[in-house]
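Working notes, structure below.
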Amino acid sequence: MNNVYFDHNATTALDNAVLEAMLPWMRTQSGNPTSRHLFGRSARDAVEHARAQVAEACGAYSSQVIFTSCGTEANNFAIKGMAGHKPASQILSSAIEHPCVTRPAIAMQQQGFISQQIAVNTDGKVDLAKLKQQLTAPTSLVSVMLANNETGVIQALAAIAEMTRAASAFIHTDAVQALGKMPLNFTDLNVHAMTISSHKIHGPQGAAALILDKRVDIEPLLHGGGQEKGLRSGTENVAAIVGFGAACELAVTNQKSYVSHTQALREQFEQGLLHINNVLKVTMFGNNVTRLPNTSFFAIDNIEGETLVMALDRKGYAVASGSACSSDSTEPSHVLLAMGVNADIARGAVRVSFGANNTTAQVAEFLVTLNNEVLRLKQLTAIAA
Ligand code: PLP
């Protein structure tokens, strides 16, 4: 049977070169980066080298990179730490954020903050006019993701940052899905803080970073030995950080070929979906605006997304339904509901996210399987009716 992975927005396999870079730090190199001896100093050098690689991949200075254990931690740190340094007022986050942005914003309500959502339009883009209106009330922090994990839709972040700064609030962006899939430049985006994560770019799980403007006062989540300039205590995960750095360097080198390759696969896939469309109604999401090159999000009329995902899994294809990588909830995707998609259609959502190692042959075979599975499920539904 095939075993084909089309779920790269959830996580990606560790690259061999990344693993090679990590192995010494898992075997023989055992120093703690805070130790003064040779072992400690070489671990420190490795972490600092990785910091430079990460900074280079996202248009930041090394001094702006704060390593964390995952994107979720970096988002919690940004929301709680930055808002917590302003007088309690509103925290605005877009209605399509990952729960690791919305939930800390809601948690801040216990400290007197008010968490409000920013609406998106039917294409999944932040409604700038509504945001401007919302920013007339005192605001501590705005958080808008650069690219959405489900639709791949890319936001006009620099414009959002400008409006937010004009309102004297902090602006944070979750760029976890953007890293490696599009040019990324912290300085050009003009945000105060930006989250990135290693395991989305063929790096290991267990490393991520908050890129932070040094002028921003922020409250740490973890207090302790004072690592990461006192902003994130805890002994650094040296092997994972080294892997994150190596993965960032590869992502920069491969950026152009990644974009053209995954975009071509998606084009082939979406053209193929149109043929299924001759028989069955397919709704595409986010395809009218600029989106990540590798992401395709769609629903086939009267077919449950979860059911189709499981049927495809049995045939050896890994794809995701709406709201993947957040929980095992079967609720329709909050992203699609925010875009005004009808709940029944949203329940049919399936996400295919391609990666650099996928091939045109895999896509062609997948289209045949998808067609067969959809027709089989339709027949089952007709028999049951
Ligand atoms: N933000 C977005 C947009 C994501 O897609 C994810 C994970 O899927 C995260 C944050 C969380 O990152 P991590 O898995 O590193 O905690």
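Just from its helices, what would the mean residue ellipticity at 222 nm be for the chain, if runs of 4 or more DSSP H residues each count -39500 (n - 2.57) and the sum is divided by every residue, rounded to the nearest 500 deg cm²/dmol? Before the final figure, lay out each step's value.
Details: 12 runs with 160 residues, N = 385.
Dividing the helical sum by the residues of the chain leaves -13500 deg cm²/dmol.
What residue among A356, A169, V120 has its Cα farthest toward the positive end of the dipole of the chain, where the charges are +1 on Lys, Arg and -1 on Asp, Glu, each on the Cβ?
Ranked along the dipole, the leading option is A169.
Need the list of aspartates and glutamates near K378 for cross-linking: C-alpha distance under 19 angstrom, and skip anything on the same chain fewer than eight residues off.
K378 reaches D301, E304, E306, D313, D344.
Which of the peptides 353-365, 234-246 is most tightly packed, and how do the rest follow, judged by the mean count of other Cβ atoms within 10 Å per residue?
In descending order of packing, they fall as 234-246, 353-365.
From the C-alpha coordinates alone, can you work out the Kirkwood hydrodynamic radius of the stretch 12-109, in Å?
16.3 Å
Would you work out which of Y61, G71, L231 lies farthest towards the positive end of the dipole of the stretch 16-250, given +1 charges on the beta-carbon of Lys and Arg and -1 on that of Asp and Glu, about the Cα centre?
Checking the options against the dipole of the stretch 16-250, the answer is L231.
Equivalent-ellipsoid semi-axes (√(5λ), Cα gyration tensor) for the stretch 143-238, whole Å, largest first?
24, 20, 9
Kirkwood Rh over alpha-carbon pairs of the stretch 64-105, then Stokes-Einstein at 25 °C and 0.890 mPa s: what D in µm² s⁻¹, rounded to an integer? Can you show the working numbers first?
Working: Rh = 11.0 Å.
The Stokes-Einstein estimate is 223 µm²/s.
Binning every alpha carbon pair distance of the chain at 20 Å from zero, what are the percents per bin?
Each 20 Å bin holds this share of Cα pairs: 28, 54, 17, 0.
How long are the semi-axes of the equivalent ellipsoid of the stretch 55-156, defined as square roots of 5 times the Cα gyration tensor eigenvalues? Whole Å, largest first.
Equivalent ellipsoid of the stretch 55-156: 21, 20, 13 Å, largest first.
Can you give the charge dipole size of the chain about its Cα centre, rounded to the nearest 20 debye, using +1 on the beta carbon of Lys and Arg and -1 on the beta carbon of Asp and Glu? Please list the in-between numbers first.
Working: 28 positive and 31 negative charges, 97 e Å.
The dipole of the chain has a size of about 460 debye.
Using a basic spin-label model with each label point 7 Å from the Cα along Cα→Cβ, how many nm lie between I106 and D301?
Computed distance between label sites I106 and D301 equals 3.5 nm.
Could you list L370, L280 so that the one with the fewest beta carbons within 10 Å of its beta carbon is first and the one with the most is last?
L280, L370
Over the stretch 12-56, what per residue volume does the convex hull of the Cα atoms give, in whole Å³?
84 Å³
Taking 41 Å as R0, compute the FRET efficiency from the Cβ-Cβ separation of E365 and I114 and round it to 0.05.
Values: r = 51 Å, r/R0 = 1.24.
The pair E365/I114 has a calculated efficiency of 0.20.
Within the set of other residues whose C-beta is less than 13 Å from the C-beta of H98, count the net charge using Lys and Arg as +1 and Asp and Glu as -1.
Value of the local net charge: -2.
FYI, it's all coordinate maths here, none of it is from the lab. Here the structure is a predicted model, which is why all the values come from computation and not from measurement. Positions of Cβ are backbone-derived with ideal geometry, glycine not excepted, and every protein chain shown enters the neighbour counts.
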